[in-house]
Structure formats: structure tokens, C-alpha cells
Number of protein chains: 2
Amino acid sequence: MTAPVPADVLSRLKSVLGEGGWSQDPERLAPKLLEWRDRWRGETPFLALPRSTEEVSAVVGICFEAGVPITTQGGNTGLVGGQIPMGEVLLSTERLRAIRDIDAFDEVVVAEAGVTLAQVHEAAASVRRRFPVGLASEGTATVGGVISTNAGGTQVLRYGMVRNLVLGLEAVLPNGEVWNGLKRLRKDNTGYDLKQLLIGAEGTLGVVTAAALKLYPVMVSRAVAMIGVESPRAAIELLSRAKEETGGAVEGFELMGRLGVEFALKNIAGTRDPLGEPHPWYVLAEFASGEAGSAEAAMERFLGEGLEAGLIRDAVVAQTEAQAKALWAIRENQSPAQKPEGATWKHDVSVPVSRVADFLDEATAAMQAFAPGCRIAAFGHVGDGNIHYDVIRPDGAPDAPHAARRDQGSRIVHDIVASMGGSISAEHGLGAMKTEEARRYKSPVEVAALEAVRAALDPKRIMNPRVLF
Amino acid sequence: MTAPVPADVLSRLKSVLGEGGWSQDPERLAPKLLEWRDRWRGETPFLALPRSTEEVSAVVGICFEAGVPITTQGGNTGLVGGQIPMGEVLLSTERLRAIRDIDAFDEVVVAEAGVTLAQVHEAAASVRRRFPVGLASEGTATVGGVISTNAGGTQVLRYGMVRNLVLGLEAVLPNGEVWNGLKRLRKDNTGYDLKQLLIGAEGTLGVVTAAALKLYPVMVSRAVAMIGVESPRAAIELLSRAKEETGGAVEGFELMGRLGVEFALKNIAGTRDPLGEPHPWYVLAEFASGEAGSAEAAMERFLGEGLEAGLIRDAVVAQTEAQAKALWAIRENQSPAQKPEGATWKHDVSVPVSRVADFLDEATAAMQAFAPGCRIAAFGHVGDGNIHYDVIRPDGAPDAPHAARRDQGSRIVHDIVASMGGSISAEHGLGAMKTEEARRYKSPVEVAALEAVRAALDPKRIMNPRVLF
């Protein structure tokens, strides 16, 4: 736990933030101190609620001078504890809510850190554009958060991670100075790309206060299908064909096991079994195109050829927007649907796409040996090689013994990932949860380089000090 | 000029590199010391020709220990002098020529730094894939060079800069240690992205020795057209329509003024005027799609609607691959075609796409006032807001007076760019030529941050010391 914050620092912070700009009220603080899956409960002496970049700068400047650490929080949807303070000053971006500009022609929106992803989507739609980052938590997740964690989501296959979708950034650096990098250029080769350093830095190199985000044209043609397949190997073979068939129009390609679908049927009201009979694995595929009818035609060809090749057991194509939403809901509910099933070891891993099936085979064999009777719910963005690999306690067993073996179990999974050249955090980041684990798998050369960068920009280590290198 | 290299350092370098692994022969060195446009002539006491990552590591380690600076060179196609040594040890990647792996399924090629871009294209084509970076210099430019300069090219509009196309890197850091970051993952959120720092670092943070590059499916449908338009404003309006019409299938959208086309007709043998009559401006547009016939159909609709809207004066669609190549050759020869016209102030600038026409108006008025009679050849990647804006001496005038005013003239152009939130180096980098100029336009906050990063990773400032911050 962090050392107490000196009283004079608190009074200086109160004075720059003014009334309504801070809180020490336990009720106001409570929701910001609890991670949504109940894995972390934090503590803070002071919640800062700056309403402008200048106020963020003042807060960080005071803390820098006094060497007082800060944890920054957006929508509190992070999955690795990076947003939960453990005694640090908590800086919330909730009042940085302006959409400063939107330009359909330049295909850019400039949004402040506290704007939610859903608000970005609405703003983009209002000018017939879209921001291709879709997260289950998009109603709450914020611009600052998705940038600081380099969020992924379901459209990475086509558009890349958030890292690829940021044209410019404004941030307050750890010394309190404002860096205005809010360019809206597609090309700018004038030295190290500071914004690329801040993206995915999980709040350790400064506070992102606003971003210029890249927009894309709205797609006029879209086809969504749920496909029953025998195995992950069949799914990956289908992915390869889908890419060839559409030449880049694959918008999403998600894999789910039957068990996860059953959890959704059981635990999420209103879920319907997507196909007549159960299948061992499911692919949710979405194609999209700017040319009318093109995605639908490609989907029809793709499914026909897949059936003929024996790679598809059965499939249904959404005929309406409501049907498409219902299919996507099964995928998006994979995580919430597990919750009632009890203690779970969650993993957010990636391997080269060609190794996904090998990974699932090896990891599942290892888990069945290590934790007999455990239930494996694997799902994720197979097109990116990114699997959310969740190991749930045996049906009817108590939670505690399973929860107690989490670290050992995860070590086995992560070792398999590492042996395949994979990543132990594909899209969630390291946060407080995985920083030490990541150190195990990185070379000393890389760790030393990352530590040097951290020390160069955050010399007093006041920004999210428990996180990263 | 850099201090002389001590004799014992030279003898240690010779001993680790072995016979054939180094040279001090003026004839062998000459082509590596001359920039291709004759703007820089360098000097070096020693050419290192390592043939493996381990040898690169040994060379850099010896130089690090002794504090001896190094300049790294790939294909020597850089345009800003960053690859030309001024007394430093010259490290050439020419013997790092292996394609270590290629995998069509994972859509990745692992190539060493000295492999040319054209060789990457060939390797990709052999497995029905492609690497979407096209440069006029691709027969000579190398993997290490395009990564270290974050190269752009004609396909950025669709695929982004090289920064977006690198899955993993192997590099020798300034202390001589090898960083093996040769992952082939689409997603990996485990701390600051070291490869993003090295990309575009112009050799100042280490020597890139190999890279895992992202491949894409081959396009089966492609349409190339040369379009005569009235003005850059018409071109930009067409671009907006093309994006909407194709929903992301615009592969290239290049603008050229009539003067540049005339230079090609005059100075490049075999060039034919692309359209029946001359037009003030030309757009070279390429659409590509994975769906047979789709790009051709979209081009037909796009041209029809553009003609009807009065935005297109005339257009021709390539009917064969040879015709497509001939149209592209006009664009690719814009720079060589200028050379016989005499002294030129070249600029590689970007502005928000919506400001391209304003920039051209303002800059041209300013140049005509500052250098009466000068000839403006503007061309470039209008879809990215990136214009190569070249100011050539008056026809028939001597070179020297024009060349002597280069810095003053460029300052005017750059000030206009900066006033529009643009970049003074969109794709060529800063090198030895523009580092000081870039400092003028960046905030002290940003410069301090970039200097801190440099000092953290290259504490003795031995890697390309004259370049960047």
C-alpha cells in the first residue's frame, strides 16, 4: 500500500479543483474502488475530478512535485486491476466529456478522455461514419481507457487494435506538462512516435486527456452467420477460406465452444440455441462491404463452399438486424454467462493463428490432468489468434479450492502459450494482475529497455506505480 | 565530423567480422557514401559488413564500450541523409539477406534487414500473398530501412504506414544486446511496445536485424484509372466519393499536376500523354477487391458519377496489366522526371486531407511571390494528405541562386504546413536534413520527452548521432 498523502498536498489539490472537483466521501468513492468482477477492492485518500486538461495538469504537477502517486481511472471496466488505486490519489476522467470536433471529410473525431465508446459510436454515426472498436463494455468504457489499454475487441482482424486507430493524442505527462499531440494527420514521420508510447502504457507515462480518432465509412452491406463446426481446426480452415473469398471483408470471426453456448442458454435470459442441433464448436462470422449486396453474396458463396468441403456442419444467416444482434449477444454474453458457474481462472492469451487448435488441445489436456472435472469455456477472436481461455471449477464443487489454485493453473496455461511464441495478455493489458507474470516471459534485455523508458518519462514513478515495468 | 575511431577498436572490429566482413577500400565504400540525389557525400573510416545478428551484436557492443558512433545503412535510398556517415563506422545490412520463414496461413514473412522490398514482394507472391508497401525504390530499399524510416508509399490509404505492418522485430540495441521480439502475433498487450519505438527511429535506438511482416491475401480484382480534373479540390471531392462508393477498396489515390506529367513526357523515354488533351491536374486511382469483378464495377460507377457531377474532365481505365503499369509509371517517375529541370526545393509534407487544396493555394502564392518564375511540381498521396511539393528553379535560369535560397524557401512552405496542423516530414523522416527544422515546430514538452527516450536507450548517443533528438 502507498504511503499516506501529506495534508498540504490534499489542500493544494482541493484548491485547484474547486467545489465539485474532488471528493473524499466514501459513498461517492465506493463504485470507483471496486473492480466489476469483485477481484480488486481499492483505497484512496482523494478522488480528483478535473474538468479540463489544465486541471489535470495542475493535479499531476502538484503530485509530481510532492512525489505523490496517482492512479487514473476511466470507465472502470479494466480486467487486470490497473484502474484500482491502492492508496494513491485517484484521478477520474469522468468530467472530461466533450466531443471537441468531428469531421466526416477528414474522418476524425476529437474526443476527451471521459467520453464513452458508445458516445463515440453515436457521434460517428451522426455523420455517416464509424469507429471500428466494438467492446461488450462500450457503454461504460472510455476513450482514455481504450487508448491506455490499447483495446482490442471484435473488429481487430480488419482494423487492428486501438493503436492503429489513433491519429493524435493530448496528454499530461508525469511531470504535469501538457503535450498537445492532437494532430489529425495520416502520416507524420518526425521522430519517435510519442503517442504510440502512451497507447497501451496503462496510465504509467501520463494521463491521456483527449484523442483524435480515425473514422471509417459506414458499411452498406453486412452479413452475419452462426456456423456449427466440428473443431477449432475446422474453424481456422474456414477463416483462411473466408479471407481468400472476401479479400479483406471479414469483419469478425469469433469462436465459441458448446459449453459457453450452454452457459448462455442457462444463465442469460432470452438466449436461444442458434442452430437446430448442438455442435461442438461455433463460429460467429461477419462480413461487411461498402458495395451493396457484396457481403451477403460473399457469405452465401463462403457457406456453400464450406458445406461442400465438409467444414461446416450447419449454419444460419441473420435475416434481420434483430437476428444479427441476437447472434452477437450469444458471443458477447460468453463472459457474463460464466459468472454463475463459480470460480474461474481466466486467461486472455494469443498464439499465432495457425497454433490456436494446438493450443486448445494442449491446454485442455493439461487442465484436465491438473484439475480433473474442471470445465473449459474457450472463446474469442480466433482470427487474431486471441483466445479467452477460462477454466471453471467442476460443476457443483465449492469455489474456494479452485480459486486457491489459480496461480498454479494459470502458470501451466501461460507456459504453453509461451512455448508457442504467444502472449499472456493479448488485449487486456498487464495491470496489477499480470505485471510480475509478464516479467517471467520477457527477456532481461527487453525488461531493461522497458524499465529505462519508464524511468525516462516517469522518473519519480508516480503514475500507476504498481503497474508495468 | 565525428572524432577518429581508435586503432584498437578497428582491429577488434576486423577480428570479429573476419575476412570479407569489413572494408576500408575507397572503391568499395564509394557508392555507400553518396546519397543518390547527390545531396550528401559522406566519410567513414570503416565499413562493417556483418552477416548475422550475432556479428551485428559484436560490432555494436565493441563500439558501445569504446563510445564509437555508428551509422546504419540499408539500400541507401533514404531521402534525408540519415544513412550517410560523417566519420562514423558504417554498418551495412547488405549481407543480412535471409528470408527466414514465410507462412501463408499465418500471413507472415520473417525477413532479415538487408532483404529488399522487391524480394519480400516476390516471396509473398510465391505463396499467394502480398506485402502492401509499394515504393518507387523497392528494388533497392531494404526491410531494415523501410522499418527504420516507417516508410509510406502508395498504399497507405488502405493499409497504413509500415508501422501498422510489423508483427515482430529483432534488433541489436545501442548497448550491443540482442532483443528478440520476433513474435508473429496479431495481439500482444504486455507493456510498452518496443517495436513501435524502433519503427521510425532512423537507426538511433538500435539496429533492426530482422522483422516479421504482415501479409495480406492477393486481390483478384483491380481497376486502375487516370483521371483529368480541374483542381485539387475536385480531386479531394472525388476521393471522398471513392471511399463511400467502395467502402474501403481504394488502394491508391494519387494527385499530380500537369507540369509533372509534362516533365515525364519530356524527360522519361517512352512516356505517353495519358489522356487525349492536357488537364490541369490528374488523379491516378486504383481500386482492388478480393471479389472477382468488384473493383472494375466500382470504378465504372465511380467514374460515371464523377463525370455526371462535373468533377471529372476525362478519364481512362487501364484495360491490361501493361496499361496499368504505364499509368503508374507516370506517377512513379514524377521525381526522376524533375531531375533534368535543375535545382529544386523538395518538401514531403502532410496536412489534414481537407486542407490539401488550401495548402496548395497558399504555398503556391507564397512561392510565386518569393521566387518569381519558379515552377511548382506537386504530386503525392492525396488520400493521406501527403504532398511532395517541389519548387524548381525558373526555366533556363542557373541552379546556384535557386539552390542558395533553399532554406529560406522551405521555411515559408513549412510555416504554412505548421499553420494547418501539418507535418514537415510525412514519410521521409528527419535524417540529417530536417532534425533541426523539426525542433522548431515541436513543443519544448515534446522535444524533452523525445530526448529523454533517446538518452534512456542510447545513453552514449552512438547510434546515428546526428539524427533525431
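The values are calculated or read from the model by the stated rules, or taken from the named source; none is laboratory data. Note that the structure is predicted; figures quoted are calculated from it, not measured. We place every Cβ from the backbone using ideal geometry, glycine too, and count neighbours over all the protein chains shown. The accessibility values were calculated without ligands, DNA or RNA, using every heavy atom of the protein model including side chains. Shrake-Rupley method; radii C 1.70, N 1.55, O 1.52, S 1.80 Å.
Extents of the range A:1-111, taken as max minus min of Cα coordinates on every principal axis and listed largest first, are 50, 34, 24 Å. State the Cα centre-to-centre distance between the range A:150-203 and the range B:127-165 in whole Å. Measuring centre to centre over Cα atoms gives 21 Å.
Dividing the convex hull volume of the alpha-carbon atoms in the range B:205-281 by its residue count gives 228 Å³ per residue. Computed on chain A, with alpha-carbon pairs under 8 angstrom and 6+ residues apart, the relative contact order is 15 percent.
Shown in residue order for the range A:210-225 are the 3J(HN,Hα) couplings computed by the Karplus curve 6.51 cos²θ - 1.76 cosθ + 1.60 at θ = phi - 60°: 6, 9, 9, 9, 7, 9, 10, x, 5, 8, 9, 10, 8, 9, 10, 9 Hz (x for Gly and Pro). Quick check: the angle from helix A:431-441's long axis to the longest principal axis of chain A, C-alpha only, nearest 10 degrees? Here the helix axis deviates by roughly 70 degrees.
Computed from the Cα positions only, the extents of the protein assembly as shown along the three principal axes stand at 90, 64, 62 Å, in decreasing order. Taking amide H positions as modeled 1.01 Å from N, with prolines and chain starts lacking one, the residues under 5 Å from A:Ala98 and 5 or more places away or on another chain are A:Glu112. Using just its DSSP H runs of length 4 or more, each adding -39500 (n - 2.57), chain A gives a mean residue ellipticity at 222 nm of -11000 deg cm²/dmol after division by all residues. Between the range B:246-261 and the range A:319-362, what is the C-alpha centre distance in whole Å? That distance is 42 Å.
Would you mind giving the average projected area, over all directions, of the Cα convex hull of chain A in nm² with one decimal? Let's see the in-between values first.
Details: hull surface 90.2 nm².
Projected area, direction-averaged: 22.5 nm².
Calculated on C-alpha atoms, the gyration radius of the range A:313-469 divided by its Kirkwood radius gives an Rg/Rh of 1.04. Evaluated at q = 0.16, 0.21, 0.26 Å⁻¹, the base-10 log of the normalised Debye intensity for the range A:319-399, with identical point scatterers placed on the Cα atoms, takes the values -0.69, -1.00, -1.21. Computed from backbone phi, the HN-Hα couplings of the range A:299-305 come to 4, 4, 4, 4, 5, x, 5 Hz, rounded to whole numbers (Karplus: 6.51 cos²θ - 1.76 cosθ + 1.60, θ = phi - 60°; Gly and Pro given as x). Once the 1.4 Å probe is applied to the protein heavy atoms, the protein assembly as shown comes out at 35 Å² accessible per residue. The long axis of helix B:258-267 is offset from the longest Cα principal axis of chain B by roughly 70 degrees. Distance between the C-alpha centres of the range A:418-452 and the range B:384-455: 39 Å, rounded to the whole angstrom. In this structure, the amide hydrogen of B:Thr209, modeled 1.01 Å from its nitrogen in the peptide plane, lies closer than 5 angstrom to those of B:Glu170, B:Ala171, B:Val172, counting only residues at least 5 positions away or on a different chain.
Dimensions of the range A:60-195 based on its C-alpha atoms, expressed as ranges along the principal axes with the largest first, amount to 47, 36, 27 Å.
Per atom type, the range A:161-300 shows carbon and sulfur on 47% of its accessible surface, probed at 1.4 Å. Residues B:Ile147, B:Ile102 ordered from highest to lowest accessible area at a 1.4 Å probe: B:Ile102, B:Ile147. FRET efficiency for B:Glu305 and A:Glu300, Cβ-Cβ distance as r, R0 = 22 Å, nearest 0.05? Efficiency, from the Cβ-Cβ distance: 0.20. Please say if the range A:154-256 is rounded, prolate or oblate, where rounded means a/c under 1.5 for a ≥ b ≥ c the square roots of the C-alpha gyration tensor eigenvalues, and otherwise the choice is prolate for a/b larger than b/c and oblate otherwise? It is prolate, given that a/c is not under 1.5 and a/b is the larger ratio. Accessible surface buried at the B:A interface totals approximately 6500 Å², computed with a 1.4 Å probe on protein heavy atoms. The DSSP beta bridges internal to chain A are antiparallel in roughly 85% of cases. Measuring nothing but how far apart in sequence close Cα pairs (under 8 Å, 6+ apart) lie, relative to its length, the range B:1-75 scores a relative contact order of 35 percent. Checking the a/c ratio against 1.5 first, then a/b against b/c, what shape does the Cα gyration tensor give for the range B:1-41? Note, shape of the range B:1-41 comes out oblate. With no solvent and one point per C-alpha, what does the Debye sum give as log10 I(q)/I(0) for the range A:237-317 at q = 0.24 Å⁻¹? For the range A:237-317 at q = 0.24 Å⁻¹, log10 I(q)/I(0) is -1.16. With 20 Å² as the minimum drop in accessible area between chain alone and full protein complex (1.4 Å probe), the qualifying residues in the range A:452-469 are A:Ala452, A:Val453, A:Ala456, A:Leu457, A:Leu468. Phi angles of the range B:38-43 translate, via the Karplus equation with coefficients 6.51, -1.76, 1.60 and θ = phi - 60°, into HN-Hα couplings of 6, 7, 10, 10, x, 8 Hz per residue; Gly and Pro are given as x. Rounded to the nearest 10 degrees, the angle from helix A:232-246 to the longest Cα principal axis of chain A is 80 degrees. A label point on A:Glu27, set 7 Å along the Cα-to-Cβ line, lies at 9.0 nm from each of its counterparts in the other copies, closest listed first. Taking every residue in A:346-352 and counting other chain Cβ atoms within 10 Å of its Cβ, the average works out to 4.
Counting only other chain Cβ atoms within 10 Å of each residue's Cβ, the peptide B:418-427 averages 4.
Using only alpha carbon pairs under 8 Å that are at least six residues apart, calculate the relative contact order of the range A:328-408 and give it in whole percent.
Worked out over the range A:328-408, it gives 39 percent.
Proximity of backbone amide H atoms, modeled 1.01 Å from N, is registered between B:Val218 and B:Arg130 at under 5 Å, excluding neighbours fewer than 5 places apart on the same chain. Extending 7 Å from Cα along the Cβ direction at A:Arg461 and again at B:Glu262 yields two label points whose distance is 6.6 nm. In this view, the solvent-accessible surface of A:Asp8, computed with a 1.4 Å probe and all protein chains in place, comes to about 90 Å². With the gyration tensor restricted to C-alpha atoms of the range A:98-177, the semi-axes of the equivalent ellipsoid amount to 19, 16, 12 Å, longest first.
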